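Have a look at the structure below, then the notes.
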Amino acid sequence: MIRMSSDAAPSSVWPVLHYDDTVEALRFLVEVLGFTRAVAAPDEHGGIGHAELRWPGGGALVFGSTRHTDSVHGTMRAGTSAVYVVSDRDGVDAVHRRVVRAGGVVLEAPHETRFGSGAAAYVCTVRDPEGNLWTFGTYRGPAPA
């Protein structure tokens, strides 16, 4: 059964990542970054064959194993993706603290910046154990017209 927090909006865009060590990926994404586990189906190798995670403020993520090569996604390598996750300022700081406590890699500590569009944001970028980049920031996209 999939359970989502009442404040989480359903997502219509689901990034898909692939990992060599799916058990470690699930641990890092949930315990360190702060996603919640919705589905984690085991595979025949003792890892996770398919996982679906939710971000507390809305959004979803799918990941699977690089061992599974029987679909179009079977050509994906681990550590070749970058994901932007919207959070409030306190959430950005909390992710940073958890990554530091876990001995993770912080590429950019929380700081104020401007994106290419000129929009201001408070962001932090970390690397997961297999090399994917994760930026957590306050930019929520352009204001509605």
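Specify the residue that is modelled with the lowest pLDDT; the eligible residues are those in region 101-127 that are out of contact with any Pro (no Cβ under 9 Å at 6 or more places or on another chain) and farther than 16 Å from S87 by Cβ. Even if it seems obvious, please write down each step before you answer.
Here is the first cut: in region 101-127, the ones out of contact with any Pro (no Cβ under 9 Å at 6 or more places or on another chain) are 101-103, 106-116, 118, 120-121, 125-127.
Checking the rest, the ones that are also farther than 16 Å from S87 by Cβ come to 101-103, 107, 114, 116, 118, 127.
Working: R101: 97, A102: 97, G103: 96, L107: 95, R114: 88, G116: 73, G118: 81, R127: 94.
Top of the filtered list is G116.
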**Report entry** Neighbours by Cβ (under 6 Å, 6+ apart or cross-chain): first from region 28-52, surrounded by fewer than 15 Cβ atoms within 10 Å (Cβ to Cβ); second among the acidic types (D, E)
**Finding:** V39/E52
Query raised in the report: Can you tell me which residues in region 122-137 are crowded, with 20+ Cβ neighbours inside 10 Å and touching a Lys or Arg at 6+ places or on another chain (Cβ under 8 Å)?
Result: W134
Query raised in the report: Identify, please: which residue in region 18-27 is surrounded by fewer than 23 Cβ atoms within 10 Å (Cβ to Cβ) and of a type outside the set (D, E, K, R) and is, among those, nearest to C124 (Cα to Cα)?
Result: L26
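The values are calculated or read from the model by the stated rules, or taken from the named source; none is laboratory data. Please read these numbers as outputs of a predicted model, since none were measured by experiment. Cβ: placed from backbone, ideal geometry, glycine included. Neighbour counts: every protein chain shown.
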